[in-house]
1. Within the bounds of the stretch 242-256, is there any residue that is modelled with pLDDT under 95 and of a type in the set (Asp, Glu)?
2. Please go through (1) buried (at least 21 other Cβ atoms within 10 Å of the Cβ); (2) among the hydroxyl-bearing types (Ser, Thr, Tyr); (3) outside any loop (DSSP other than H, G, I, E, B) for Tyr353 and return the number of the only condition it doesn't satisfy.
3. Given the options Gly165, Gly205, Gly160, Gly180, name the one that is on the phi > 0 side of the Ramachandran plot and surrounded by 20 or more Cβ atoms within 10 Å (Cβ to Cβ).
4. From the set of residues in the stretch 110-149 that are assigned to a helix (DSSP H, G or I), outside the structural domain of Leu11 (by TED's automatic domain parsing) and out of contact with any Leu (no Cβ under 8 Å at 6 or more places or on another chain), which is nearest to the ligand (Cβ to nearest atom)?
5. Checking Val263 against (1) at pLDDT 95 or above; (2) not in a strand (DSSP E or B): exactly one of these is not met. Which one?
6. Among the candidates Val275, Val293, Val270, Val287, single out the residue that is within 13 Å of the ligand (Cβ to nearest atom) and open to solvent by 30 Å² or more (accessible area, probe 1.4 Å).
7. Pull out all pairs, ordered by first then second residue, where Cβ-Cβ is under 6 Å, the residues are six or more apart or on different chains, the first lies in the stretch 51-63 and is among the aromatic types (Phe, Trp, Tyr), and the second is modelled with pLDDT of 95 or more and more than 7 Å from the ligand (Cβ to nearest atom).
8. When you scan the stretch 70-105, how many residues do you find that are in contact (Cβ under 8 Å) with a residue 60 or more places away in the chain and within 19 Å of Arg296 (Cβ to Cβ)?
Amino acid sequence: MQSQYQHLIDLSDYPVSWWKKVIDLGEEIKNDPSRFAHECDGKVMATLFYEPSTRTQMSFQTAMIRLGGQIIGFDNPNNSSVAKGETIKDTTKIVSSYADVLVIRHPVAGAAKAASLTSDCSVINAGDGGHLHPTQTLTDLLTLQIEKKTLSDLTIGMCGDLLNGRTVHSLCKALSMFKGNKFVFISTPELMMPAYIKDIIKANGSTYEEVNSLEEAIPSLDVLYMTRIQQERFASQEEYLAQKNTYILDYQKMLLAKRDMIVMHPLPRVDEITVEVDDDPRAKYFVQAKYGVYVRMALILTILSEKKTSETLIGKLYPGVQCDNPKCITNHEGYLPKSFRFSGDETLLECEYCDERKLI
Ligand code: NCD
């Protein structure tokens, strides 16, 4: 199957030079947004948000409006025909015939990939379950470029829910492509970074260590990326409560950090950063959210200006083989072709939608 539209499902589908082009354009827009005010006159962007969102949805909408375009969409699928049982395939097919670009957020991994298979316009992944969040990563890269003046040779601490946090998955994959970056994963044993992300880091030549104390890790960091415990991805309230409040960044811990360490957070924050930290000049999470508008303006412009035909699925179908991940879109929307890639080893298949591995 081929698609004639440019999609952004996973940043790894593009070379680093493409990400850099988008980030650099984002910085150019930040410095003079008015120059881009009519670049999308007459264009329509649809935002299909099957999951709650403040920043991602509104920054995408602001981005399109500031480019001169218009927006349609829903932020509550219960107000759309999804509530009547419509599949992603049908919703996407129709909405993509109304719009020039479709931005989708969904609670199930691989949903954006699934949408791109039948879309008649470009699809952007605005978060697919606990899997990936590539446009947050573009936001984070622009933040690092502006606030740290580099994307390389950084020691980056990631703290909190590393298992379910899609932002840290995408960001690790991206930052491990730049030379000299070291990761310090700070989490409880239950919420450690998934093995497939750690394998990608190693394969890209970056290093990581896993620790459980934020106090001990903080002095060595150039960047501290805090995350929320992802309550909605836990099987039970008890399991969530057992993890809640394990890591709290406060004034005392900030005293242990380097004077030029920056604190990032994709937001929303719950309890993991106390409000007193907001006044520390090293706290960059609010400005980070603002940079998200510029980088999304850059992304919309880039995606709409580049036309290329590509294969929608590059893996193979293995008759009778199904993905084992209950949170994978192929186990929710039965019509989808179940496509797998080989993951280095001849006995290990990787689901093309959610990256879950399976032994054959
Ligand atoms: C994040 C998300 O939705 O994954 N938020 C965002 O997009 N800025 C982080 C989160 O919800 O914890």
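The values are calculated or read from the model by the stated rules, or taken from the named source; none is laboratory data. Nothing here was measured: the structure is a model prediction, and the numbers come from that model. For neighbour counting, all protein chains shown are included, and Cβ atoms are generated from backbone atoms with ideal geometry for every residue, glycine included. Accessible surface is based on the protein model in full, side chains and every heavy atom, while ligands, DNA and RNA are left aside. Shrake-Rupley method; radii C 1.70, N 1.55, O 1.52, S 1.80 Å.
1. no
2. Single failed check for Tyr353: (3).
3. Details: Gly165 fails: on the phi > 0 side of the Ramachandran plot; Gly205 fails: surrounded by 20 or more Cβ atoms within 10 Å (Cβ to Cβ); Gly180 fails: surrounded by 20 or more Cβ atoms within 10 Å (Cβ to Cβ).
Every option except Gly160 fails the conditions.
4. Ranking the qualifying residues of the stretch 110-149, first place goes to Thr139.
5. Looking at each condition in turn, Val263 falls short on (2).
6. Selected residue: Val270, the only one of Val275, Val293, Val270, Val287 that is within 13 Å of the ligand (Cβ to nearest atom) and open to solvent by 30 Å² or more (accessible area, probe 1.4 Å).
7. Close Cβ pairs satisfying both conditions: Phe60/Thr47; Phe60/Val103; Phe60/Arg296.
8. Final tally of qualifying residues: 2.
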